[in-house]
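*Asks:* There's a structure below that I have some questions on.
The values are calculated or read from the model by the stated rules, or taken from the named source; none is laboratory data. Bear in mind that the values here come from a model prediction, so they are computed numbers and not experimental data. Every residue, glycine as well, gets a Cβ built from its backbone with ideal geometry; the counts of neighbours run over all protein chains shown. All accessible areas refer to the heavy atoms of the entire protein, side chains included, with ligands and DNA or RNA removed. Shrake-Rupley method; radii C 1.70, N 1.55, O 1.52, S 1.80 Å.
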Amino acid sequence: MTRKKWIMIIAGLAAVAAALVWAFAPRPVLVETAEVGRGRFEQTIEEDGKTRVRERYTVSAPLMGTLQRIRLKAGDAVEKGDLLAVIAPAVPVLLDMRTERELQERVGAAEAGLARARTTVARAGNTLSQSQADLERTRKLAEKGFVSPTQLEREQLAVNLNTRELEAARFEEDAAGHQFEQAKAALLQVRRDARNGKPGIRQWEIRSPVAGRILRVAQESEGVVPIGAPLLELGEPAELEVVVDVLTSDAVQIPQGAAVRLVDYGAAKPLAGRVRRIEPSGFTKISALGVEEQRVNVLIDIVSPRNQWQTMGDAYRVDARIVVFGQDDAIKVPASALFREADNWRVFTVADGVARKRAVQIARRGGFEAMVESGLQPGERVVVYPGDRVSDGARVKTR
């Protein structure tokens, strides 16, 4: 066999061997990677909630009788003292003990509500005075450079929120006073009619206790209504708040006055909010998976300008992102790159096409990002959503 044929045979065998090596050699694992960054880190609690009118007033029937058809519709504006409804009382000539007792209890409850509303006004006024004094002191210190502008903004925000609290308390006081006068007048009138032997007054006019808009008409058609039956709901749609129910285990992490971003409410630009109150009492709620959860309501004030959310109304859905922790110039890694091994956090870093397992210390975790305490540096690349094929020392290829 000639030399040339031997060379051709050897070359063919080498090509076959190379093809076999290439066919059976381990292929690089296709992975997605992300860069470890540096910037502001925020840990948030994300829940859906709904808007509601901050102060609403339910107009109820002060006595039993026949209600005339209510002509007002939801959305109509009313002023204080405007006529809302008319009732033709069904009061017997001789006032029986049960009816009189019901009217007396209604007067007592209205009087207690008025006293409570006055106490709330006094407390809100004192809180506002204190926050105004704190703002004045902080402003003087800021002029001398002793406090940061952020502290001054925080004190100004506290004054704004406390001012709204006082306005809401006065609204409640006006409504409670009107309810007390209505209940007292109804009791006096029926007593007078029963004492004089008259068949009762022909009509009882119910007028608006506050200025606002009709939110809902509970009893629109003409009919007999008992004492205390709800007729209409009044409020001011411009005074909205957001109610979000969160897990009680998350609520303990929320600081008073925490910043909130309101998203997915129908517009692209997020709204700024501020946590005003975490209700002291929780409740049990069944989740979509049928699991019992202990939750509590968090009340959020909208601090963005009114023109950004003027089209929103009562009971509109929003998504709230409550910021429980924030830090500037933090090292951040995608939360999807983390996985647990024993009691420690691990990631796969990628360098020169090779994945390396590395232990990291995580200070805080958010929904999408985690703040790194040690183990990673900005600029390094990590594997996100690592699968079972990714292992320490494995060859990888970025998808």
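*Asks:* Residues that are more than 19 Å from the chain's Cα centre (by Cα), modelled with pLDDT of 90 or more and among the hydrophobic types (A, V, I, L, M, F, W, C): does the range 306-328 have at least one?
*Replies:* Among the residues of the range 306-328, not one is more than 19 Å from the chain's Cα centre (by Cα), modelled with pLDDT of 90 or more and among the hydrophobic types (A, V, I, L, M, F, W, C), which makes the answer no.
*Asks:* If PRO255 meets every condition in (1) assigned to a loop (DSSP other than H, G, I, E, B); (2) within 30 Å of GLY375 (Cα to Cα); (3) in contact with a helix residue (DSSP H, G or I) (Cβ under 7 Å, 6 or more places away or on another chain) apart from one, which number is that one?
*Replies:* PRO255 satisfies all of (1) assigned to a loop (DSSP other than H, G, I, E, B); (2) within 30 Å of GLY375 (Cα to Cα); (3) in contact with a helix residue (DSSP H, G or I) (Cβ under 7 Å, 6 or more places away or on another chain) except (3).
*Asks:* If you check ALA394 against the conditions, is it more than 23 Å from the chain's Cα centre (by Cα), modelled with pLDDT of 90 or more, surrounded by 12 or more Cβ atoms within 10 Å (Cβ to Cβ) and on the phi < 0 side of the Ramachandran plot?
*Replies:* So ALA394 does not fit the description; no.
*Asks:* Would you mention how many residues in the range 118-170 are without any contact (Cβ under 8 Å) to a residue 24 or more places away in the chain and aliphatic (A, V, I, L, M)?
*Replies:* 6
*Asks:* Something else now. Identify, please: which residue in the range 128-157 is hydrophobic (A, V, I, L, M, F, W, C) and more than 27 Å from ALA168 (Cα to Cα) and is, among those, most open to solvent (accessible area, probe 1.4 Å)? Step through it out loud before you land on a result.
*Replies:* Narrowing the range 128-157 to residues hydrophobic (A, V, I, L, M, F, W, C): 128, 133, 135, 141-142, 146-147, 152, 157.
Pick out the ones that are also more than 27 Å from ALA168 (Cα to Cα) and you get 141-142, 146-147.
On the way: LEU141: 76, ALA142: 32, PHE146: 147, VAL147: 41 Å².
Looking at residues that are hydrophobic (A, V, I, L, M, F, W, C) and more than 27 Å from ALA168 (Cα to Cα), I get PHE146.
*Asks:* In this structure, does ALA238 turn out to be surrounded by fewer than 16 Cβ atoms within 10 Å (Cβ to Cβ) and in contact with a helix residue (DSSP H, G or I) (Cβ under 9 Å, 6 or more places away or on another chain)?
*Replies:* Spelling it out, ALA238 is indeed surrounded by fewer than 16 Cβ atoms within 10 Å (Cβ to Cβ) and in contact with a helix residue (DSSP H, G or I) (Cβ under 9 Å, 6 or more places away or on another chain).
*Asks:* So ARG389 fits all but one of (1) touching a residue at least 40 places away in the same chain (Cβ under 8 Å); (2) more than 30 Å from TYR265 (Cα to Cα); (3) open to solvent by less than 30 Å² (accessible area, probe 1.4 Å); what number is the exception?
*Replies:* Unmet for ARG389, out of (1) touching a residue at least 40 places away in the same chain (Cβ under 8 Å); (2) more than 30 Å from TYR265 (Cα to Cα); (3) open to solvent by less than 30 Å² (accessible area, probe 1.4 Å): (3).
*Asks:* Could I ask something else about it? Looking at the range 141-157, which of its residues are part of a helix (DSSP H, G or I) and more than 23 Å from the chain's Cα centre (by Cα)?
*Replies:* From the range 141-157, those part of a helix (DSSP H, G or I) are 141-143, 149-157; that's our starting set.
Passing the criteria: LEU141, ALA142, GLU143, PRO149, THR150, GLN151, LEU152.
*Asks:* Still on this structure: Return the residue satisfying two criteria in turn: it lies in the range 351-379 and is assigned to a loop (DSSP other than H, G, I, E, B), at negative phi and surrounded by fewer than 17 Cβ atoms within 10 Å (Cβ to Cβ), and of such residues it is modelled with the lowest pLDDT.
*Replies:* Residues of the range 351-379 assigned to a loop (DSSP other than H, G, I, E, B): 352-353, 366-368, 375-379.
Applying the additional criterion that residues be at negative phi yields 366-368, 376-378.
With surrounded by fewer than 17 Cβ atoms within 10 Å (Cβ to Cβ) added as a condition, the list becomes 367-368, 377-378.
Working: GLY367: 79, PHE368: 86, GLN377: 92, PRO378: 93.
My answer is GLY367.
*Asks:* Looking only at the range 267-299, which residues are open to solvent by 80 Å² or more (accessible area, probe 1.4 Å) and either touching a Ser or Thr at 6+ places or on another chain (Cβ under 9 Å) or in contact (Cβ under 8 Å) with a residue 60 or more places away in the chain (or both)?
*Replies:* LYS269, GLU292, GLN294
*Asks:* Right, here's the next one. Can you give me the number of residues within the range 242-252 that are in contact with a Gly (Cβ under 6 Å, 6 or more places away or on another chain) and assigned to a strand (DSSP E or B)?
*Replies:* 3
*Asks:* Which of the residues that make up the range 230-257 are of a type in the set (Gly, Ala, Ser) and modelled with pLDDT under 90?
*Replies:* Answer for the range 230-257, where residues must be of a type in the set (Gly, Ala, Ser) and modelled with pLDDT under 90: GLY235, ALA238, GLY257.
*Asks:* Next up: Condition first: among the aromatic types (Phe, Trp, Tyr) and under 30 Å from ALA61 (Cβ atoms). Now tell me which residues in the range 138-185 satisfy that.
*Replies:* Across the range 138-185, the qualifying residues are PHE171, PHE180.
*Asks:* Okay, moving on. May I ask you to verify whether PHE348 is within 25 Å of ARG38 (Cα to Cα) and touching a helix residue (DSSP H, G or I) at 6+ places or on another chain (Cβ under 8 Å)?
*Replies:* Yes; evaluated as a whole, the condition is true for this residue.
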